[in-house]
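The values are calculated or read from the model by the stated rules, or taken from the named source; none is laboratory data. Values in this document were obtained by computation on a predicted structure and should not be read as measured data. Using ideal geometry, Cβ is built from the backbone for each residue, glycine included, and neighbour counts are taken over all protein chains shown. Please note that ligands, DNA and RNA were not included when accessible areas were found on the heavy atoms of the full protein model with its side chains. Shrake-Rupley method; radii C 1.70, N 1.55, O 1.52, S 1.80 Å.
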Amino acid sequence: MDLGYDYCLKFVVIGEACSGKTSFVSRICNNDFRTSYEPTIGVEFNSMLTKYKDYILKIQFWDTAGDKCFAPIVKTYYKNVAGIYLVLDLTCRNSVRKLQYWFKEINENKSENVEFKLFVIGNKCLSKKRLVSKEEIEDILKPRNIDYVEVSALNNENVLEVNDKMIEHIFNNFDVDNHRGIRSAKQEIIKLREKNNENENEKDRFCCCIC
């Protein structure tokens with residue numbers, strides 16, 4: 001039995017509407033960029049396979065809506081994650097003003113005793129309409145000791161690199177075999193075999209009862 005991967009990691013992508021969350025995920029998973037804007041309704045799911053050292057990894061991306069009307073739905077997706085991407089729009093000052101709101105959302109809805117890696121992503125870093133400097137955001141994040149990386153989903157600038165950094169941090173710092181945001185293929189196969197054995201035993205008991 002082969003699931004096609006060694007570990008499956010759950011990432012959630014959050015941030016204000018129009019910040020480029022879906023474009024960021026689409027660039028990582030499909031090397032694609034959407035030229036037209038379509039707002040995310042609730043939560044969209046995407047995944048990709050990648051390699052880290054000798055492991056094949058399946059990365060699940062839960063791309064959440066930025067509109068506040070979907071907040072009650074989005075709250076549940078902070079649970080049991082290995083990584084969180086908080087995406088900012090560097091062409092919009094309001095995106096930066098709302099940082100404290102997103103930190104509050106994370107703290108209030110995260111799972112207890114489940115560590116995760118948070119990256120703040122400054123998207124649209126190459127845009128001529130850029131309004132927010134790197135230094136300004138780093139000054140905000142420095143007291144919290146949060147990593148900040150600038151990317152351009154449009155130009156495919158630094159997108160894959162930050163995902164590699166996320167994966168590297170997780171494998172260097174987390175117990176990947178005992179983490180609720182990470183599934184080990186070996187453990188999944190054992191569970192499937194145990195379930196199949198239980199089903200077989202149920203069939204045997206049923207057969208004995210009717211004989």
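Candidates in the range 113-133 are the residues that are more than 21 Å from MET166 (Cα to Cα) and free of Cβ contacts under 8 Å to residues at least 24 places away in the same chain; of these, the one that is least open to solvent (accessible area, probe 1.4 Å) is SER133. The number of residues in the range 62-102 being farther than 17 Å from VAL132 by Cβ and either of a type in the set (A, V, I, L, M, F, W, C) or assigned to a strand (DSSP E or B) (or both) comes to 14. Residues in the range 119-149 that are farther than 13 Å from CYS92 by Cα and among the β-branched types (Val, Ile, Thr): VAL120, ILE121, ILE140, ILE146, VAL149.
Based on what the data block shows, is SER152 under 15 Å from VAL87 (Cβ atoms) and small (Gly, Ala, Ser)? Against the criterion (under 15 Å from VAL87 (Cβ atoms) and small (Gly, Ala, Ser)), SER152 qualifies. Scanning the range 121-146 for residues that are β-branched (Val, Ile, Thr) and outside any strand (DSSP E or B) turns up VAL132, ILE137, ILE140, ILE146.
Of all residues in the range 151-174 being in a helix (DSSP H, G or I) and in contact with a helix residue (DSSP H, G or I) (Cβ under 6 Å, 6 or more places away or on another chain), which is farthest from ARG34 (Cα to Cα)?
Filtering first and then ranking leaves ASN163.
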